[in-house]
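These notes concern the structure reproduced below.
The values are calculated or read from the model by the stated rules, or taken from the named source; none is laboratory data. Here the structure is a predicted model, which means the values were calculated and not measured. Cβ sites come from the backbone with ideal geometry, for glycine too, and all protein chains shown count toward neighbours.
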């Protein structure tokens, strides 16, 4: 029996050798032994990143969540979604505190207003949990980054589309929500671009649509009666565009005035489809989710600028990522309905 | 001998089983068989990304190149650096055309001026080669993204540091380069932030340092003679800060006026170290290189927003990434000398 046992031992040793070299062959794909840094951006399933919203039922968050999930799948990490159900700052603070207590690998938060969450965000950062903000910023917090629409630039793009449709000449009105930073920036970008690039377009009125359809319809109707020769409208907010559309339909003017709306809720998309709204601006929501997770992953894995903690502690990550807007018209509106 | 052979066969079969399960255990780390998308961001060494600069000898590019290289190492791809040796637009066009001819996986370019490279960049994009711009933008080109300093915000941060050092009260001058967009934005950010947040600081003069040390020294000296009670300077450009420092030293005023400089060339850092310049702004150069490659990699591997090519073709990638600035003072200046 001695020889056969020896043969088995030989067999096993040979197999082990094969295994051993093969193991290192594979390992070299993943790890470069001459360097400390890993190769490939891959995390662990146990690594959990959390997204925190307010009014968690809003359709608007869906594509942001999809981007966050898509990034998680590629990076091999886990995600979770938590949100205040209401439009309620103290509820969002409570949810964020609960998330922080579980010490996740990172948190992406949209701030219900610029100030309410600052204390809670800073507490998490000081405890070593990376936080980035998306869609709505809290600029005075210690969060590492903000990812969202450059509203001035969105207004400028709306102005260029508007100017193109009006062939550079005519009268315009803006329906907006004064005193809300997002909307003020969109209005400013639109106004300044019109006056710089389309000097023959005159903005005759900037009106307050109060963020709802009824008020926007009322104000649009009054503008149409006051300026019957008006050529078009820009709405800085979804309900504004829908209100303008309803006023035009009521007065039999649908399709006869240029309208640029904002966002891609069903009401707006339907009016783009039927030709009442010429174009609307889709925000880069998927980008907000995807690049939020990518930034958090880099911070958690310490793949940020070398020595950045010695460099006054500022901005190891890009402090701002503009997630872009896209112009939606009849030609591509079908791609924007929720699937 | 029959029994021992059987034992060997059993041994081998068992080893094969172990091998087999172990193989799939490892493979699952890298690939999820239930999905089409790969797991982990990992490229191939054959995948080459190229960075194109002008004045390729400048120290300023070094940390940008390091960021590009660091990203390449993690992503397991190759990089190459090409540059016009001179400050010469047609030379940069030629270099870029040579790079495009080799059909790399992606190109990061810094534009010598906003217009010269547009045609060449657009040709590459149309040929399917992704391009992003870093440090200096060509905003009317079809490049997918721009990664660089938000100059308005950099000016605003300089203003806050200035206001803090002056305890919110005093007289200031700015030494800048009019008619250069970067410098106009920095000046605007500084001015508007001072007037909004530090109403008791008065800006008495905005002077043209012409981008060189001698002119900046001359103009700083004339300001110091005209306004002997001036409390400080902001230079929007490295040579401006060095010129101001030399004027202060010449008049025996070094350390007696507040100076905020820009960038981290050796001349500026030496003056921060000896206390003549109180603070200077370091641009997020490593971030420019690192995130440029990351964006190009995403485009090459088609890991951008799903359906983005059906969505009017706009912005599959974030169109702008602010790479941040950091305030450098005596406390952390040593980290900024080239290593």
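Some points to look at:
- Residues considered: A:254, A:220. Of these, the only one that is surrounded by 21 or more Cβ atoms within 10 Å (Cβ to Cβ) and closer than 18 Å to residue A:276 by Cα is A:220.
- Subset of segment B:149-161 (residues that are facing chain A (nearest Cβ under 10 Å) and either assigned to a loop (DSSP other than H, G, I, E, B) or under 20 Å from residue B:121 (Cβ atoms) (or both)): B:150
- Segment A:58-86 residues that are over 20 Å from residue B:303 (Cβ atoms), paired with ones that are in a helix (DSSP H, G or I) (beta carbon under 7 Å, 6 or more apart): A:81/A:65; A:82/A:95; A:82/A:99; A:83/A:95; A:84/A:91; A:84/A:92; A:84/A:95
- Exclusive hit being in contact with a helix residue (DSSP H, G or I) (Cβ under 6 Å, 6 or more places away or on another chain) and free of Cβ contacts under 8 Å to residues at least 60 places away in the same chain, set A:151, A:179: A:151
- Residue A:277 being assigned to a strand (DSSP E or B), more than 13 Å from chain B (Cβ to nearest Cβ) and within 20 Å of residue A:149 (Cβ to Cβ): no
- Among the conditions (1) in a loop (DSSP other than H, G, I, E, B); (2) at pLDDT 90 or above; (3) buried (at least 17 other Cβ atoms within 10 Å of the Cβ); (4) more than 7 Å from chain A (Cβ to nearest Cβ), residue B:295 misses just one, which is (1).
Residue-by-condition table, conditions (1) crowded, with 24+ Cβ neighbours inside 10 Å; (2) assigned to a helix (DSSP H, G or I):
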| site | (1), (2) |
| --- | --- |
| B:129 | no, no |
| B:137 | no, no |
| B:143 | yes, no |
| B:163 | no, yes |
| B:167 | no, no |
| B:172 | yes, no |
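- Filter result for residue A:269 (closer than 30 Å to residue B:75 by Cα, in a helix (DSSP H, G or I) and more than 11 Å from every other protein chain (Cβ to nearest Cβ)): no
- Sole residue being surrounded by 24 or more Cβ atoms within 10 Å (Cβ to Cβ) and touching a residue at least 40 places away in the same chain (Cβ under 8 Å), chosen from A:99, A:95, A:50: A:50
- Highlighted here are the helices (runs of 4 or more DSSP H) found entirely within segment B:1-112 that include at least 1 residues which are within 10 Å of chain A (Cβ to nearest Cβ) and modelled with pLDDT of 90 or more: B:62-75.
- Within segment A:221-234, the set of residues being over 24 Å from residue A:60 (Cα atoms) and within 31 Å of the chain's Cα centre (by Cα) comprises just one member, A:232.
Rundown of residues vs (1) within 30 Å of residue B:305 (Cα to Cα); (2) in the same structural domain as residue B:215 (by TED's automatic domain parsing), yes/no style:
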residue	(1), (2)
B:112	no, no
B:115	yes, no
B:122	yes, no
B:128	yes, no
B:133	yes, no
B:139	yes, no
B:143	yes, no
B:156	no, yes
B:174	no, yes
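- Within segment A:53-74, the set of residues being under 16 Å from residue A:147 (Cβ atoms) and under 13 Å from the mean Cα position of the chain (by Cα) comprises A:53, A:60, A:61, A:63, A:64, A:65, A:66, A:67, A:68.
- Boolean, residue B:303 is surrounded by fewer than 24 Cβ atoms within 10 Å (Cβ to Cβ), modelled with pLDDT of 95 or more and either in contact with a helix residue (DSSP H, G or I) (Cβ under 7 Å, 6 or more places away or on another chain) or facing another protein chain (nearest Cβ under 9 Å) (or both): no
- Among the residues of this structure, residue B:191 does not count as one that is free of Cβ contacts under 8 Å to residues at least 24 places away in the same chain and part of a helix (DSSP H, G or I).
- If the condition is being at the interface with chain A (Cβ under 7 Å from one of its Cβ atoms) and either assigned to a strand (DSSP E or B) or under 12 Å from the mean Cα position of the chain (by Cα) (or both), then segment B:316-327 contributes B:320, B:321, B:322, B:323, B:324, B:326, B:327.
- The one condition in (1) in contact with a strand residue (DSSP E or B) (Cβ under 9 Å, 6 or more places away or on another chain); (2) surrounded by fewer than 23 Cβ atoms within 10 Å (Cβ to Cβ); (3) at pLDDT 95 or above that residue A:119 fails to fulfil: (1)
- Yes/no for residue A:178 being part of a loop (DSSP other than H, G, I, E, B), within 17 Å of the chain's Cα centre (by Cα) and surrounded by fewer than 22 Cβ atoms within 10 Å (Cβ to Cβ): no
- Any hit, segment B:247-258, residues being within 14 Å of chain A (Cβ to nearest Cβ), more than 30 Å from residue B:38 (Cβ to Cβ) and assigned to a helix (DSSP H, G or I): no
- Sole residue being under 22 Å from residue B:159 (Cβ atoms), surrounded by fewer than 21 Cβ atoms within 10 Å (Cβ to Cβ) and either more than 27 Å from the chain's Cα centre (by Cα) or modelled with pLDDT under 95 (or both), chosen from B:237, B:214, B:205: B:205
- Any hit, segment B:87-97, residues being closer than 23 Å to residue B:236 by Cα and assigned by TED's automatic domain parsing to the domain that holds residue B:301: yes
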